[in-house]
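Notes follow the structure.
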Amino acid sequence: MTIIPIKLNMTKAILIKDQKNILVDTGNPKDFTALSHHLDANLDEGEKIDYIIITHAHSDHYGNAAKLKEKTGASVIIHQGDQDCMKNGHNSELAPFSLTGKLIWPFIKKDKQRVVAQGLEADIVIDSEEADLETYGSCGKIVHTPGHTSGSISLFLCDKTAIVGDLMMSFFIPEKPERPLFANNIQKWKGSIKKLLDFEPKKIIVTHGNAYIYQDFKKFSDVVLRK
């Protein structure tokens, strides 16, 4: 298994090369050219993306899923909690959570019906708390980690890497875990932090920020779970 983070403009996609090629998230709609370039550079001749896993239905995560599906024929996977928002090209519900999120909240467009990206219907909808990633050609599991959105999911891989989308994010110190800007259910978010803590990952890859090590995540989780 090879894991390749692909840095885009203010966001990130992650390519997993294993028995199959899996792309986790796709960036903002404006990232399509850059994302395509990175994928071409990291895929051998004749290789293609087999699956696109969307961690949640915000436009900086599924923004290029429709175009990539058309280009590659990849199957798109999302949790049922966010499938309708992605299908309709909307963002899943936002609510301010971190201090920064509360400060910028007055400037956020809140129209739930606003189309933010090209919508698409998922080929595979996860409707359970866990799903075996072996089904899709890699070693690990897809885990329902709600809180940021109702249908947020993470990948817990056999090499003890966790890919967690926006479960956490970092804007000030890239390697230090912070709360996400937004969360629609704080108690479920804490439950998802506990799931990740129980997994004891060696490395945690987030969309916004650099990878975390377990020791820093453990300190962060000890604080947030006490409150």
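Every number here is computed from the coordinates shown, using simple stated rules; none is lab data. Not measured: the values here are computed from a predicted model. With ideal geometry, Cβ positions are generated from the backbone for all residues, glycine too; neighbour counts draw on all protein chains shown.
Odds and ends about this structure:
- Where strands (runs of 3 or more DSSP E) fall entirely within segment 1-58, those with at least 1 residues that are of a type in the set (S, T, N, Q) and out of contact with any strand residue (DSSP E or B) (no Cβ under 6 Å at 6 or more places or on another chain) are at 21-24.
- Checking the stated criteria, residue 199 turns out not to satisfy the condition of being aromatic (Phe, Trp, Tyr), surrounded by fewer than 21 Cβ atoms within 10 Å (Cβ to Cβ) and farther than 24 Å from residue 81 by Cα.
- Residues of segment 62-84 satisfying the condition of being under 16 Å from residue 147 (Cα atoms) and surrounded by 16 or more Cβ atoms within 10 Å (Cβ to Cβ): 78, 79, 81, 82, 83
- Criterion: touching a residue at least 60 places away in the same chain (Cβ under 8 Å), among the charged types (D, E, K, R) and closer than 18 Å to residue 116 by Cβ - qualifying residue of 25, 31: 25
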